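Chemist: Before we start, here is the structure in question, set down as structure tokens.
The values are calculated or read from the model by the stated rules, or taken from the named source; none is laboratory data. It should be emphasised that the depicted structure is a prediction, and the values quoted were computed from it without experimental measurement. Cβ coordinates were reconstructed from backbone atoms using ideal geometry, including for glycine residues, and neighbour counts include every protein chain displayed. Accessible surface is based on the protein model in full, side chains and every heavy atom, while ligands, DNA and RNA are left aside. Shrake-Rupley method; radii C 1.70, N 1.55, O 1.52, S 1.80 Å.
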Amino acid sequence: MVRVRVRDLAGSAIPAASVCVAPEAVPHALECAFTDEAGEASLSARTGDWRLHVGHPDLLAATWPAPDDAPLAWPAKGGELELRLPRDGMELQGRVTDVRGSALPRAYVVVQRANDILAVAAVDSNGRFGVRVPSGRMTRLFAYAPGHARRVVYPYPPDAALHVALIAESTIKGRVVDGEGRPLAGAWVVSHAPLAYVERERPRARTNEAGDFVLGGLTPGRYSLYVSAANARRVEPVVVALPYAATVELAPIATEPGHALALRLLDPSGRPCVDGFANFEGPGGLCLSRAEGWCSFGAVPPGDRTITASCPATRQIRRTIAVQGDVRETWTFERGGSLMGVVLDDANAPVADAEVRAPDEDLRTTTDTHGRFVLAGLSGRRVDIQVVSLDHHDQRQSVEPGAEARVVLQRQPAVAFHVSDRSGRPVQGVALRWDLSSVLLDREGRGSTANLVATASEHTLAVHSAHGPIPHIDGGKPTLHGASRWQPGDPQPIEVVVASPERELRGHVRAADGRPAPDVLVLASPTTGAPGTCERSMLDDAAALTVTDARGEFHLGALYSVAYSLIALDSTGSAACVGVDADDAGVTLSL
């Protein structure tokens, strides 16, 4: 065993901290434990590269080694580690359960901002978790549990009552073979899923020696499977309709032969280029370079291929390669030019988190807290930059290479808001959508943003929670999207009253033969369509979900007095979708 000690910066022991060990570059936890009263936890000894994730409601979450540092080998049996965490950041807490409300004690959550992992935290025996992450922009929270499909929500701080319900997983099993029907080992099967997966999170699996693969932890929906290997590929994707809580076994997936193309990318000093990329047009035409700088394409069709490669802080390389067989080449980049500068507002104050773009060079960066930026990897010629900040007008500027840029942004008119419920109490755990901008609120329900279209006669307003849109009162009635005729100079803050989730909905699901349908997944999402219409929302858009009992009955609580789309899915692939009006109290769905 390996002992892990968790302390605050003053050296005090921190009990009940979540400690999870995960493999390099994979957020899925291998093992989690909680610290005892002495601030210590024991984890199994293991081999390979790893990262340790520590979370606690009162301490800023930490990853060790840090994400930008190289991973370390796990200490030998009997080793010890000590981590010290500051008391900082914003708190995210909540509960992870199954759809019937039962705790999932082996679940854990991963908090991300963009593609950066901010925290990994286990849930306790009651399914509860608590973690602190850096304050700032909106985050995404992924919840995982064995035997269940992962789910993503978008918590808006502060949120003290986040509830994530996980459904039973669906699975795709299959075999990949070559053109003669022989098993193809080591092939990658990557799915383009129906939900909002980003590239690094797409479900993927590698075939074993028998050519078999398993894609588990999936939600129901329509999947497209792409197959590639060093010397074979599948031109057209395999489309799979995956039911709820089911396992689909596919017929063998046949591939076509091709050639292997491997590039080793080196920076100007001759060291491997990490986080570089190369791409060409066509399926499978993008790869990222890893620790040794290798970037490999599998099963490239014969013919001329024009490849563009990039490495941070260098000039791009663009070459055409004649692919008639396997290709292995080493490409060394030249050092690129860089542009330094500062972004200020019209009061000469630095503008943090502004995005600085060089569109012609396909480069971008953001300013630090002092408004300064460095744009590296330029070609060396005169560069046109564009600076974008949420609270300011965009600014375009042409800069000579080697010069220091000074960009001054004009502030836009600010709009302030106060969000409360019908009784006047501030609402927490929501954010506003004002035209094209998101407005985060403090614990008093207050927030502000720049008005992006100050001259418009009308602006759109919507309210969102971690589980999707929620209604606000407009003209005495709940609505998901309202219009505001606010103009600069009008009284502020704009008062927004959020509707209360006081509605209950009960119903039955019937099979095709009219008998009750048990264990059917039922999803409910607010709809902006005409009353009685149905919009087929995906799982991540569902405001509420449950499963039917042995009598085929279901109950959904804490709904709003607006129209909803209800979707029912079973393990055979049968589905039903109906629209429910704002005043409906019961409904029957037939599969």
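Chemist: Go through region 540-578 and give me each residue that's open to solvent by 50 Å² or more (accessible area, probe 1.4 Å) and aliphatic (A, V, I, L, M).
Modeler: Once the filter is applied, which keeps residues that are open to solvent by 50 Å² or more (accessible area, probe 1.4 Å) and aliphatic (A, V, I, L, M), region 540-578 yields Ala550, Ala558.
Quick grid of which residues meet (1) of a type outside the set (S, T, N, Q); (2) part of a strand (DSSP E or B); (3) at pLDDT below 80:
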site: Trp50; (1), (2), (3): yes, yes, yes
site: Val54; (1), (2), (3): yes, yes, no
site: Ala70; (1), (2), (3): yes, no, yes
site: Leu83; (1), (2), (3): yes, yes, no
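Chemist: A follow-up question, please. Could you please find all residues in region 467-489 being farther than 19 Å from Thr527 by Cβ and either among the hydrophobic types (A, V, I, L, M, F, W, C) or open to solvent by less than 70 Å² (accessible area, probe 1.4 Å) (or both)?
Modeler: Gly476, Ser484, Trp486, Gln487, Pro488
Chemist: Could you tell me whether any residue of region 489-508 is free of Cβ contacts under 8 Å to residues at least 12 places away in the same chain and not in a loop (DSSP other than H, G, I, E, B)?
Modeler: Scanning region 489-508 turns up no residue that is free of Cβ contacts under 8 Å to residues at least 12 places away in the same chain and not in a loop (DSSP other than H, G, I, E, B).
Chemist: Just one of (1) open to solvent by 20 Å² or more (accessible area, probe 1.4 Å); (2) of a type outside the set (Asp, Glu); (3) within 28 Å of Glu553 (Cα to Cα) trips up Gln492, so point out which.
Modeler: (3)
Chemist: State which residue is farthest from His392 (Cα to Cα) when the search covers only region 343-374 and only residues that are in contact (Cβ under 8 Å) with a residue 24 or more places away in the chain, open to solvent by less than 70 Å² (accessible area, probe 1.4 Å) and in contact with an Asp or Glu (Cβ under 8 Å, 6 or more places away or on another chain).
Modeler: Per the criteria, the residue is Ala358.
Chemist: Given the options Arg315, Arg271, name the one that is crowded, with 16+ Cβ neighbours inside 10 Å, more than 27 Å from the chain's Cα centre (by Cα), farther than 25 Å from Ala187 by Cα and not hydroxyl-bearing (Ser, Thr, Tyr).
Modeler: One residue alone meets the criteria, Arg315.
Chemist: Can I ask one more? Considering region 246-285 alone, what residues qualify as being part of a loop (DSSP other than H, G, I, E, B) and farther than 28 Å from Asn208 by Cβ? Outline the logic, then answer.
Modeler: Taking region 246-285 as the starting set, the residues that turn out to be part of a loop (DSSP other than H, G, I, E, B) are 246, 250-252, 255, 258, 267-271, 273-276, 280-285.
Within region 246-285, Asp267, Pro268, Ser269, Gly270, Arg271, Cys273, Val274, Asp275, Gly276, Phe280, Glu281 qualify.
Chemist: Then there is this: Working carefully through the options Val239, Val235, Val190, find the one that is modelled with pLDDT under 85, among the β-branched types (Val, Ile, Thr) and either assigned to a loop (DSSP other than H, G, I, E, B) or open to solvent by 40 Å² or more (accessible area, probe 1.4 Å) (or both). Walk me through it before giving the result.
Modeler: Numbers: Val239 fails: modelled with pLDDT under 85; Val190 fails: either assigned to a loop (DSSP other than H, G, I, E, B) or open to solvent by 40 Å² or more (accessible area, probe 1.4 Å) (or both).
Going through Val239, Val235, Val190 in turn, the sole match is Val235.
Chemist: From Thr365, Thr330, grab the single residue that is hydroxyl-bearing (Ser, Thr, Tyr), closer than 21 Å to Thr306 by Cβ and part of a strand (DSSP E or B).
Modeler: Of the residues listed, the single one that is hydroxyl-bearing (Ser, Thr, Tyr), closer than 21 Å to Thr306 by Cβ and part of a strand (DSSP E or B) is Thr330.
Chemist: If you take the residues in region 397-414 that are over 15 Å from Leu375 (Cα atoms) and either in a strand (DSSP E or B) or modelled with pLDDT of 90 or more (or both), which one is least open to solvent (accessible area, probe 1.4 Å)?
Modeler: Here is the first cut: in region 397-414, the ones over 15 Å from Leu375 (Cα atoms) are 408-414.
Among the residues that remain, those that are also either in a strand (DSSP E or B) or modelled with pLDDT of 90 or more (or both) are: 408-409, 411, 414.
On the way: Val408: 50, Leu409: 0, Arg411: 115, Ala414: 56 Å².
Per the criteria, the residue is Leu409.
Chemist: When both residues are 6+ apart or on different chains and their Cβ atoms are under 8 Å apart, which pairs have a first residue that lies in region 287-310 and is on the phi > 0 side of the Ramachandran plot and touching a residue at least 12 places away in the same chain (Cβ under 8 Å), and a second that is open to solvent by 10 Å² or more (accessible area, probe 1.4 Å) and of a type in the set (Asp, Glu)?
Modeler: Ala299/Glu256
Chemist: Another one. For Leu390, indicate whether it is hydrophobic (A, V, I, L, M, F, W, C), within 20 Å of Val408 (Cβ to Cβ) and outside any strand (DSSP E or B).
Modeler: Details: hydrophobic (A, V, I, L, M, F, W, C): yes; within 20 Å of Val408 (Cβ to Cβ): yes; outside any strand (DSSP E or B): yes.
In short, yes.
Chemist: Further question: Of all residues in region 116-150, which are within 22 Å of Leu440 (Cα to Cα) and part of a strand (DSSP E or B)?
Modeler: Answer for region 116-150, where residues must be within 22 Å of Leu440 (Cα to Cα) and part of a strand (DSSP E or B): Asp116, Ile117, Leu118, Ala119, Gly130, Val131, Arg132, Val133, Arg140, Leu141, Phe142.
Chemist: Out of the residues in region 415-441 that are without any contact (Cβ under 8 Å) to a residue 60 or more places away in the chain and more than 22 Å from the chain's Cα centre (by Cα), which is least open to solvent (accessible area, probe 1.4 Å)?
Modeler: Trp434
Chemist: Right, next: Check whether at least one residue in region 14-24 is in a strand (DSSP E or B), touching a strand residue (DSSP E or B) at 6+ places or on another chain (Cβ under 9 Å), modelled with pLDDT of 90 or more and open to solvent by less than 40 Å² (accessible area, probe 1.4 Å), and report yes or no.
Modeler: yes
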